[in-house]
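A short worksheet on the structure shown next.
Just so you know, all these numbers are worked out from the coordinates, no wet-lab data involved. The model shown is predicted, which means the values in this text are computed figures rather than measured ones. Cβ coordinates were reconstructed from backbone atoms using ideal geometry, including for glycine residues, and neighbour counts include every protein chain displayed.
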Amino acid sequence: MKDYYLDQNKKPNNTRYTEEVPQCRPWVRFFSRMIDIYLFGIILGLIQIIFFPSRNFIEDRGLGLAGLILWGIIEAQLLSSWGTTPGKWLFKTKIRDYKLNKLSFPSAIKRSVLLFVIGLGFGVFSSITMFIAFINIDSKGATSWDKHCNSVVIHEKIGVLQIIIISIIIIISVALLILK
């Protein structure tokens, strides 16, 4: 099992997180991010339907990019206040600093910006940059943005409630794709 601490001198004595489940889980990170983006997209879509019913924002790439930037700010607020996001909560994933404290808002913003630039390639080169991030997580146990921010991603065992909610989200997503 890969250890999620890059610097063993900074590793806290609390080893509860490394004993429960593997800490190198790139697919969990990917799906939690996709659920966050998907849920945020639903919220934006509902706002569009309610306030701008005659406009089609879905096909406007500039607004899509603005939505990702707005999500980065919201994500930073969630990480600094709760230590997780809705998608990360579903997958029992937390983001902490190396002392296992919640990130400060400036650190969370820095992490979100680096993730947007390096991990999502500005929303343009995301397939390539996400593949590189997958390789880094798998081989080094961390992404470059987590290294730069001294943040750690902590995974816990996913519970029954989370599995039920994830299943419902998948069923709804597939149904929406079929009905489209």
Does anything in the range 93-120 have its amide N under 15 Å from the 7 Å Cα→Cβ label point of Ile132, and if so which residues? 114-120
What are the chymotrypsin sites (Phe, Trp or Tyr not before Pro) within the range 106-136 that DSSP puts in a loop, where the Cβ has at most 16 other Cβ atoms within 10 Å? Phe125
Over the Cα atoms of the range 19-179, how large are the radius of gyration and the largest Cα-Cα distance (Dmax), in Å? 16.1, 53
Among Ser80, Ile165, Asn101, flag the residue with its Cα farthest along the positive direction of the charge dipole of the range 19-179, charges on Cβ as +1 for Lys/Arg and -1 for Asp/Glu. Asn101
Which order results if Asp138, Asp97 are arranged by neighbouring Cβ count within 10 Å, fewest first? Asp138, Asp97
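Given Cβ point charges of +1 (Lys, Arg) and -1 (Asp, Glu) and nothing else, what value in debye, to the nearest 20, does the dipole of the range 40-180 about its Cα centre take? Intermediate results must be reported in sequence, preceding the final value.
Details: 14 positive and 7 negative charges, 68 e Å.
So the dipole magnitude of the range 40-180 works out to roughly 320 debye.
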Would you please give the FRET efficiency between Lys147 and Leu39, computed as 1/(1 + (r/R0)^6) with r the Cβ-Cβ distance and R0 = 35 Å, to the nearest 0.05? 0.80
Over all directions, what mean area does the Cα convex hull of the range 69-111 project, stated in square nanometres? 2.8
